[in-house]
Amino acid sequence: MKHACLALLLLALWAFPVAANDLPAFHNVSGVAEDDVLNIRAAPGTAASIIGTLSATDRFIEVVEKDDSGDWARINTAERSGWVAMRYLARRANQPADTLPRPLSCAGTEPFWSLSLKRDPIAELRNLGEEPRLFTNLYSVNSSNRQDRYAIFGQEKDDDGVLTAVFHRAICTDGMSDRAYGISLDVFLTDETGVQFLSGCCSLSR
């Protein structure tokens, strides 16, 4: 069983080297007058329809990607994603691109599940209709040949379950809404019943 889990992990991590992706990351609204707003548009560009606004004082806005020009940032508003002018956003400090961001809030659908990754070496996995499972003493590792992938390993507290989670800085959708997420996730849960394989998306937490 352990050999099978290792093989799955190696397949998930294998890829050609790519440049580091520094998103997702938290940003603050910057350069907008106090009595004005920053428009959220349905697509990159001032001609696109307005689907929401940000105030001049809004903070901790998660940018999940930029358009090809780098002038527009994709964020989430309500149950969909939209675009704001990048020149009015300032990236918050201390968000390195070469490590797994924490904390993270991750989830998947059908079946519904969630994974909460704390700042400390603890993760909580919840499957719909089941008791939450706590994994402690997490061990983190960066991919040897990709700067945008990471993995964590954890042992279930007071049980024999083993958690392996592979994170990828890439646009991810949950299949149920029009929101966009900046990190995709594959989870392998190994216990006496076998191996459960779950896939989902993650957003930054505070």
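Using C-alpha pairs under 8 Å with a sequence gap of at least 6, the mean separation divided by the residue count of the chain gives a relative contact order of 19 percent. Expressed as a whole percent, the proportion of Cα-Cα pairs in the range 25-91 lying more than 21 Å apart is 11%.
Charge dipole of the chain (Cα centre as origin; +1 on each Lys and Arg Cβ, -1 on each Asp and Glu Cβ, all else neutral): 520 debye, rounded to the nearest 20.
Phi angles of the range 29-46 translate, via the Karplus equation with coefficients 6.51, -1.76, 1.60 and θ = phi - 60°, into HN-Hα couplings of 5, 9, x, 9, 4, 4, 9, 10, 10, 9, 6, 9, 10, 6, 8, x, x, 6 Hz per residue; Gly and Pro are given as x.
Positive end of the dipole of the range 25-91 (Cβ unit charges, origin at the Cα centre): among Gly70, Ala90, Ala56, the Cα lying farthest that way belongs to Gly70.
Computed over the chain, the convex hull of the alpha-carbon atoms projects to a mean area of 12.7 nm². For the range 19-131, the convex hull spanned by the alpha carbon atoms encloses 150 Å³ per residue. Couplings for the range 95-107, taken from phi via the Karplus curve 6.51 cos²θ - 1.76 cosθ + 1.60 with θ = phi - 60°, read 10, x, 8, 9, 9, 6, x, 9, x, 10, 10, 10, 7 Hz in order; Gly and Pro are left as x.
No value in this document is a laboratory result; all are computed from the given coordinates. None of these values were measured; they are calculated from a predicted model. Positions of Cβ are backbone-derived with ideal geometry, glycine not excepted, and every protein chain shown enters the neighbour counts.
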